[in-house]
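Structure first, commentary second.
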Amino acid sequence: SSPPSAPHPREMNEHTGLLEHTCIFFIAVGVSIGFTCVLAAVNYFSLTLFQDKREFLYLCMAVYLPSLPVVMLQLKYDKQVDTKLGSQNAFNFRAAVYFIIMGLLMAYLPLGPASPDVRSTPTMDRQPPLLICVTILGFFSALSYGTFFQIVSFLPSRGGTCTAVFSMGYQGAGIIAMIMALVIGFRTHPTDAQVKGFFWCAAFFEFFAGIAYMVMYNKSKVYRKALRIRDREASHASNLSEMARARAASRDSSRDRMHRPVPVSLSSSPVDTSNHSTHGNNNNPTSQPHHSAFPALTNTKPADESTWLFTNTNASSSSSSSHNAHARRKRAASSSSSYHTPTDTELKMPAAASSNGDTNGNGNTNGNTNGMSYRQASETFDANGSYNPDGSEDWKIFLTVAPCVLSIFLNIFASVFLLPFYTYFPTTLHKLPQLLFFTKLMSDTFGRPLTLMLPAVQSQYTLLGAACVRILSLGIFFADILGYLQWSPAQCILMVAVFSAASGFIGTSAYQLAPKMVKGSLRKSQVANMLNFAFHLAVVVALACSTIGTIALGSDMATVQPKPGKHLW
């Protein structure tokens, strides 16, 4: 059967508006508000509850380490699950499960391992339950990040607005956490009520993010249409896979029949034509054609065509019929063996209408597509920007967006590698680690809308060069940590602000530029998964390097309390 008609670009002439952008912002806040509040409590966990600066590193590892296996599972199984369940059912189920579990975890933390009531449970006995809860939280945060970044990657928006809004909400959770801490009074030594209020507010935002998703699904026609088009492209991919398997099986069967030895009748005389007539009763076995033991030289054909040769003068019609049947089998084998993989040009080419008939305004193809060969179907399918199920295309997509993927890796590596060392800056300001953390989140958030205000970056290699310069600047921060520069607290905050703003700009630019390199929502989802994999791989590598760095600095620096200083709040 022929594949269904591919979605036409005219179907996606609508763009996201205020409703979608507002919902995406709060969804992104829900994705990151949980672990952001845990890490924002750096002074409470490191200096008050456990009295160990390395506790912040442990929390970072619990939050980020589950992300790498998560994104590997998403790369492997997301397409199969979406194709089997449908995009609508799959995304709705994921959103409900993710936000409910993360909300319940945030509600439980102040009742158990994060409670300041040391009389109920010894302090060190709380560390394993706390790290387990934070690890589960990090696991579902990584799942939700990959899922919703796929959504914003295939939603039609002008100038990558959806991606910028999602990035702003993802980092904007830090600003919300800071406001919550200021209003509630969550300091280095909070009360039990303040701890509960801080984490329960985070739980509220988790549940509110789930509500925001349901509002977008029920009220946004653009989102539902994008899901339907994504399902149609998945149906294309499934049909092409089935056609490929059927053609391969037919080719193998035809090859076996062509190479099967044919019995030769030795009882027939080379000149006896009484038992080889092609006319008469077809039910008579003797009326069927046979190979002659001594082929006639006057009726030979080229050896590579393997034609059946007969000695009787009335066998020409049978010989021609057999030769035509073999030619048809040869053409079928040739057609099935040419599995089309799009070139780099096809990956970047604009979506086009099907070559078999006109395309109407709704994206449906008029005209009969029955009888379309597999090669024609796959070429038409690729021309419409849809995903070809051949595994080699993933490699072609990766090569197309490799500079953006590497930019994300270097950008995230620099940010996460420096994060655990916020507690190691030599200073007399008591709350500098927490201030640096909030400075990072705010600057990163404000760096993301710069992609909408400044001219868009058009070259992947420009982003890659900026990411390389940024990672080299890590040496300046460690010069201060080791005591060579002796920055004041204001200088530390300023340097972290500039460093983080550059991170937001580079990361958002890469996320906006990479999906533009390919066409088709399934290909864009694959690009989103690749960027997500680079993101989480960088996190894991950075945390491993940070662990080595803290060991190199020595355990004495990890247990030294900051000197008393004035309170900034």
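Once phi is turned into ³J(HN,Hα) by the Karplus curve 6.51 cos²θ - 1.76 cosθ + 1.60 with θ = phi - 60°, what whole-Hz value does each residue of segment 461-478 show in order, with x for glycine and proline?
So the J values, rounded to whole Hz, are 6, 5, 5, 5, x, 5, 5, 5, 4, 5, 5, 5, 6, 4, x, 5, 5, 6.
Report D for segment 456-515 in µm² per second (integer): Stokes-Einstein, Kirkwood Rh on Cα pairs, 25 °C, 0.890 mPa s.
D = 191 µm²/s.
Positive end of the dipole of segment 15-102, charges at C-beta (+1 Lys, Arg; -1 Asp, Glu), about the Cα centre: which of Cys60, Ser87, Asn43 has its Cα farthest in that direction?
Of the candidates, Ser87 comes out farthest on the positive side.
Taking the Cα centre of each part, how many Å lie between segment 30-89 and segment 197-252?
Using only Cα atoms to place each centre, the spacing works out to 22 Å.
Beyond 29 Å between alpha-carbons counts as too far, so tell me which of Lys76/Lys440; Lys76/Lys196; Lys84/Lys219 fall in that bin.
Flagged as over cut-off: Lys76/Lys440; Lys76/Lys196.
Hey, what's segment 401-441 come to in accessible area per residue, 1.4 Å probe, Å²?
Normalised by residue count, the accessible surface of segment 401-441 is 18 Å².
For segment 51-160, what is Rg from Cα atoms divided by 2.2 N^0.38 Å, rounded to two decimals?
Dividing the Cα Rg of segment 51-160 by 2.2 N^0.38 Å gives 1.33.
The values are calculated or read from the model by the stated rules, or taken from the named source; none is laboratory data. Keep in mind that what you see is a predicted model, and the values were worked out from it rather than measured. We place every Cβ from the backbone using ideal geometry, glycine too, and count neighbours over all the protein chains shown. The protein model used for the area step is the full one, side chains on, heavy atoms only, and it has no ligands, DNA or RNA in it. Shrake-Rupley method; radii C 1.70, N 1.55, O 1.52, S 1.80 Å.
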